[in-house]
Each structure stands twice: as structure tokens, then as C-alpha cells.
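Worksheet: the structure to be examined is printed underneath.
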Amino acid sequence: MVRQITDGCELEQLRADAYKSGMKSLRLSGAQKVAAGLTSVEEILRVTPESQR
């Protein structure tokens, strides 16, 4: 991924490769933390970027 960034890879390709490598969206990661009792839904909605909603 570092090479992709330094070589000027397109954002969508970088994102797709990151998900294939196991990256989770902030929304999914937040939902898992809510399920574990570590945070609230309100907190996740407050800090999650609009693009992830």
C-alpha cells in the first residue's frame, strides 16, 4: 500500500485494496465497539464522517 500511495494510486483502487487486506470501515468498527459495550451509537454517529453514513 505504501508503494501505491507513493506511486499516486487512485483513491478508489487504494480503498478497494485496503478492504481486501482486511480494513474495516469506521462505521463497522464503531458498530463492533457498540456491541462490545465500549461506546454508544450516538458517539459513533457523532464522529463518523458523512461519507460513511
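A short reminder: the numbers here are calculations on the coordinates, not readings from a lab. Worth saying up front: this structure is predicted, and the values here are computed from it rather than measured. Backbone-built Cβ (ideal geometry, glycine too); neighbour counts: all protein chains shown.
So how long is each side of the chain along the principal axes, counting just the alpha-carbon atoms, biggest first, in Å?
The Cα atoms of the chain stretch 40, 20, 13 Å along their principal axes.
Across region 10-16, in residue order, what do the Karplus-derived ³J(HN,Hα) couplings come to in whole Hz, using 6.51 cos²θ - 1.76 cosθ + 1.60 with θ = phi - 60° and x for Gly and Pro?
5, 4, 5, 5, 4, 4, 4
Between Ala31 and Val2, take the C-beta separation as r, use R0 = 25 Å, and let me know the FRET efficiency to the nearest 0.05.
Here the calculated transfer efficiency is 0.30.
Find how much the distance from Ser21 to Ser51 grows on full extension, using 0.36 nm per residue of separation minus their present alpha carbon separation; answer in nm with one decimal.
8.7 nm
Output wanted: per-residue J couplings in Hz (rounded whole) for region 35-44, from phi through Karplus 6.51 cos²θ - 1.76 cosθ + 1.60, θ = phi - 60°, x for Gly and Pro.
So the J values, rounded to whole Hz, are 4, 7, x, 8, 7, 10, 4, 4, 5, 4.
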